[in-house]
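Data block below; observations after.
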Amino acid sequence: MKRPIAHIAGTGRYAPAQVLTNQDWEARLDTSDQWIRDRSGIAERRVADDRETIAYMASEASKPALAEAGLTPADVDAIVLATASWDRLLPSQACDVQAVLGAKNAAAFDVGAACSGFLYATNVAEGLIATAQAETVLVIGAERLTRIMDWEDRSTAILFGDGVGVAVLRPAPGDGRGILSTYMKSDGTLGDLLYRPGGGTVAPPSEQLLADRSQYIRMAGREVFKSAVRSMADACDHALQRAGLSGDDVDLLIPHQANIRIIEATAKHASIPMSKVYVNVDRYGNTSAASIPIALDEGIREGRITAGMMILLVAFGGGFTWASAAVRW
Ligand code: COA
């Protein structure tokens, strides 16, 4: 396949205004600001209010992304949305975003790959453009994790936050800019390390489910950590190798923002200094599928990402899934 086929023509993000700090967690649970910072690098995260559904937040984040690309919602051919925290289980989250945004000419569907979802969705969007099925694809990573985490479980709750990031994918301009390589991988045998046991058709809502709190995220943190370090390294290697690049060629690494220690291990593996790594896990916590597109949009707005730069995007998540992309900006 001749690349680049697609490029990112616009980005946007939505972060709820409400901030939940580590001090707020200290007041609720047996934890401390020090413990959370030391183990995860997180200082605060955002929490969506009742009005801030994923459909609403994603629609708001899509507007500036489309405007930057010189487009309107009516120009969107496809919406590919990645989430693990749907507003409702049916229809797809993408269809609910389509309705709120008024993207009436689009095909809309979800991609489920947990925290790797945005990169999986980007990969699907590139395929739609490569096969001329779409010219303008809204790729959305959107999460409201504070609604699916257990607020009484100190080992998971302190990690997660809410938010949305959006990228508009269009055919590459032909000047070398665009997506140079992508990579996706999964290992379903590790599914039970990070999952929601209840609420699906195997264990539908019941009194027992509520008593067990099994509708919420459960995670084996230490095992997830080890797998994450391994899979992030593998993802870095493959995107670079497929693009014919090395770590030295990377101007900015944007890793999934789950834990500063995983981010540091990933950068070290790829021989990329931390000065070339985008970090905002301290301010947002882990926003799963939204973390990379939020960081991407912040990086652009802050002027850290400029034309011609080589950007490496790397993610891992529940499933397990992991993925990466090398992008000439
Ligand atoms: N505050 C204080 N103590 C806590 C705590 C909290 N919020 N959560 C757990 N602890 C305690 C544990 O009970 C344990 O106590 P013990 O030694 O007396 O049994 C101790 O801290 C160490 O727990 P452990 O889970 O081994 O800590 P850790 O160093 O592995 O850090 C995570 C925990 C969750 C921060 C870390 O494992 C992690 O980040 N894992 C990856 C998670 C992730 O990225 N998930 C998303 C995937 S996309």
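The values are calculated or read from the model by the stated rules, or taken from the named source; none is laboratory data. All values derive from a computational prediction rather than experimental measurement. Virtual Cβ from ideal backbone geometry, glycine too; neighbours counted across all protein chains shown. The accessibility values were calculated without ligands, DNA or RNA, using every heavy atom of the protein model including side chains. Shrake-Rupley method; radii C 1.70, N 1.55, O 1.52, S 1.80 Å.
Of (1) buried (at least 17 other Cβ atoms within 10 Å of the Cβ); (2) within 19 Å of residue 126 (Cα to Cα), residue 105 satisfies all except one. Which?
Just one mismatch for residue 105, condition (1).
Can you spot a residue in segment 290-306 that is part of a strand (DSSP E or B) and either within 15 Å of the ligand (Cβ to nearest atom) or small (Gly, Ala, Ser) (or both)?
no
Could you count how many residues in segment 307-329 are within 16 Å of the ligand (Cβ to nearest atom), open to solvent by 10 Å² or more (accessible area, probe 1.4 Å) and among the aliphatic types (A, V, I, L, M)?
0
Within segment 217-266, track down each residue that is touching a Leu at 6+ places or on another chain (Cβ under 9 Å), more than 30 Å from residue 4 (Cα to Cα) and part of a helix (DSSP H, G or I).
Of everything in segment 217-266, those that are touching a Leu at 6+ places or on another chain (Cβ under 9 Å), more than 30 Å from residue 4 (Cα to Cα) and part of a helix (DSSP H, G or I) turn out to be 221, 223, 224, 227.
Right, residue 229: among the hydrophobic types (A, V, I, L, M, F, W, C), within 15 Å of the ligand (Cβ to nearest atom) and in contact (Cβ under 8 Å) with a residue 24 or more places away in the chain or not?
Judged against the criteria, residue 229 is a match.
Among the residues of segment 271-289, which ones are more than 10 Å from the ligand (Cβ to nearest atom), open to solvent by 10 Å² or more (accessible area, probe 1.4 Å) and not β-branched (Val, Ile, Thr)?
Those that are more than 10 Å from the ligand (Cβ to nearest atom), open to solvent by 10 Å² or more (accessible area, probe 1.4 Å) and not β-branched (Val, Ile, Thr): 271, 273, 274, 275, 276, 282, 283, 284.
Can you tell me which of 75, 33 is more than 16 Å from the ligand (Cβ to nearest atom) and either of a type in the set (Phe, Trp, Tyr) or out of contact with any Gly (no Cβ under 9 Å at 6 or more places or on another chain) (or both)?
Details: 33 fails: more than 16 Å from the ligand (Cβ to nearest atom).
So the residue among 75, 33 that is more than 16 Å from the ligand (Cβ to nearest atom) and either of a type in the set (Phe, Trp, Tyr) or out of contact with any Gly (no Cβ under 9 Å at 6 or more places or on another chain) (or both) is 75.
May I ask you to list the residues in segment 237-266 that are buried (at least 17 other Cβ atoms within 10 Å of the Cβ) and within 16 Å of the ligand (Cβ to nearest atom)?
254, 255, 256, 257, 258, 259, 260, 262, 263, 265, 266
Could you identify the single residue in 114, 65, 43 that is open to solvent by less than 60 Å² (accessible area, probe 1.4 Å), away from the ligand (no atom under 16 Å from the Cβ) and either over 19 Å from the mean Cα position of the chain (by Cα) or of a type outside the set (Asp, Glu) (or both)? Give the derivation first.
On the way: 114 fails: away from the ligand (no atom under 16 Å from the Cβ); 43 fails: away from the ligand (no atom under 16 Å from the Cβ).
Unique residue meeting the criteria: 65.
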